[in-house]
Each structure stands twice: as C-alpha cells, then as structure tokens.
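Take a look at the structure below.
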Amino acid sequence: MYKNERIIVAIIGLIGLIVSAIIGAKWSKENVSVTVNIGGESVILKDNDIQDMANDNEELKNKISDYEQQINDFKNKVSDYEKQIDELTKTKESLSKKLGLANGALEDVPVIEYQNYGLSIDGDEKTINTDKSSVSINGRRYYSKDFVDNLLPDNKSAIEKNNILYIGTVIKEKTNLFDRQIIDKSDNVSISTDVKDTFGNMHSKAVVFTHEGTDITINANREYSHLKFKIAVLDEYKGGGIIQIETEQGIIYTSNEILNTTEPTEIIRPINQASKIIIRYLGSDHWNYTMVTDAFLYNEE
C-alpha cells in the first residue's frame, strides 16, 4: 500500500526537514522521499539520505548527552575546587595569625650580650671567674655573684633565699616598729610620715622629738629578737640632745649628741624578745626636731 508513495512536504527551515525525516524513519517506510526548497530550488531527499540524517541526529543526541555529562562533571569539580579554595583561605588566615604571633614573640626576644669582666678594687685585682662575668640584657647590665662577694666586707656574705638576695643577716619575720601599738607617749612626741632629714634622705615613718625629757613606749609583745633603726635630724633644723633606747630589761642604746651634721647610720641592737621598746629624748633645749627613723623589729633565720 505504501509502495512508491511520494510525500511532498513544504518544510520551512532545516528543523522541519530533520523532524520529517526522523518520523519517516520511525514509521519504517520504504522508498520515502522528501522534496524541500533550498535557495529557490527543489531538492529531493531519498530514504537513505533521511536514514543518514536520522543516524546523524541520534549521534548528535548522544554527543549532547556526553557534553551535558561533562558539564555536570566540570560543575562538580568546580564545587570541589571552591571547597578547596575555602579550606585554603581558612588555612592562610590561620597561618597569618600564627605568623603575627611569631613576629610579636620575636619582638619580645631580649637582646643579650655577654662580656668577660674582671674586678679591681683600689688597684687590688681580685681573682674571679671572668668567663661571661657580665651580661647586658636590653641595655641593662648585670654582674656575676663573684662581684657581689668581693664587694662585701669580710664580715658580710650574700645569701640567696626565697627569690631574695640577703646581705648579712637573713630576716625571718619583720615589722615596722611605728606600726605597732603605742603604750604611752609624751605630748611633744609625734609619728610623722614621708619626712626628709638634713642629708636629703627620705623616710617613710619617723618618731620626732621637739622637747627634752619626752619619750614613747611601743609594744614589742615578746615576738622579736632584734631592733634596727637610724637617728637623724628633721630637714632645716639644728638638732641636739641624746636618744636613749631601753626595754624592761634595761638600756640597750645611748647615742652621742645628735646634730644636723650627724650622718644617719643604721644601728642594730638585740632585744631578747622584749615586751616593750621605750625611746627617750634627753637634752636641755626645745624645738630641735631630733628623730628616730627606719625602725624595725625582726627575727634572724
């Protein structure tokens, strides 16, 4: 019935041609031909041409499918690359922070310079270990303990304990005498703070005497073995008189006359766990402003 059948189809554009050819091929018609107008001329396509076009179309579909698969593969790779870029960016930020910390740490590294110093005292060269005996750290110079030992008098030694370098006596307990309870005090005796003596030395606390025959009694409470103190004259005053210190056991110290030219020196006296300290001002004049400063009770190690 379909033998030698001619189908004339007016096709606009190449798409219609391909569609018709595919349909013919799908119906399995024999001797199918298609007449198309191309450039004003009629062109007849035989069934083998149509079949070739159908095959080409199928091949194109397969290629398109392959290209779509490649595109999806590329998209997946791009997604993976974006994740890798994100991870690398985070790693870079972390390393940048570490680098900043490292640079900051390097800035805190001290500048250390060792030197081999010897020691000479009044022309007498001392025997010390000079190897790296001095070190400069950020411009501040330090010396070895050999220097300290040689600079101390023969009756003194340097002892390191509890992060403190003790010269001479090692103090176990210590208290400011003028922070303790006052048992009795004359009217013309005062405890003053931040005072300056005639040599320009500043003292955090001092007992100041202005009249002779006055005294102050302070509770020691039998807790300490030694008393340490200095005697001086308040700045801009002439001084005068004598300082005497006693406990209930008796007099432990009597000074010479204290004048504004008397240089303050440290005085230490044993008090044998005395219960009280009595400081007296003896003299024959007023308004001398003689004072006892830097007074501490302590126990030795």
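Here are the numbers for this structure:
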read-out	value
Positive dipole terminus of region 152-301, leading residue within Asn162, Ala220, Gly239 (C-beta point charges)	Asn162
Sulfur and carbon atoms: percent of accessible area, region 190-296 [1.4 Å]	44
Spin-label pair Tyr114/Lys161, simplified geometry with 7 Å Cα→Cβ offset, distance in nm	3.1
Integer Hz, Karplus 6.51/-1.76/1.60 couplings in order for region 255-264, x for Gly and Pro	8, 7, 5, 9, 10, 5, 9, 7, 6, x
Contour minus Cα-Cα distance for Asp154 and Asn201 (0.36 nm per residue)	14.2 nm
Sequence of Thr262, Thr290 when ordered by accessible area, the most exposed leading, probe 1.4 angstrom	Thr262, Thr290
Kirkwood Rh and Cα Rg combined as Rg/Rh, region 197-289	0.97
Residue-count net charge about Asn188 - beta-carbon cut-off 11 Å; Lys, Arg +1, Asp, Glu -1	-2
FRET efficiency, Asn55 to Glu87 (Cβ-Cβ, R0 45 Å, nearest 0.05)	0.40
Average accessible surface area per residue within region 126-204, 1.4 Å rolling probe, Å²	69
Order by protection proxy (mean Cβ within 10 Å, highest first), peptides 126-138, 85-97	126-138, 85-97
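The values are calculated or read from the model by the stated rules, or taken from the named source; none is laboratory data. Note that the structure is a prediction, hence the values are computed from the model and not measured. Every residue, glycine as well, gets a Cβ built from its backbone with ideal geometry; the counts of neighbours run over all protein chains shown. We work out accessible area using only protein heavy atoms, side chains counted, and drop any ligands, DNA or RNA first. Shrake-Rupley method; radii C 1.70, N 1.55, O 1.52, S 1.80 Å.
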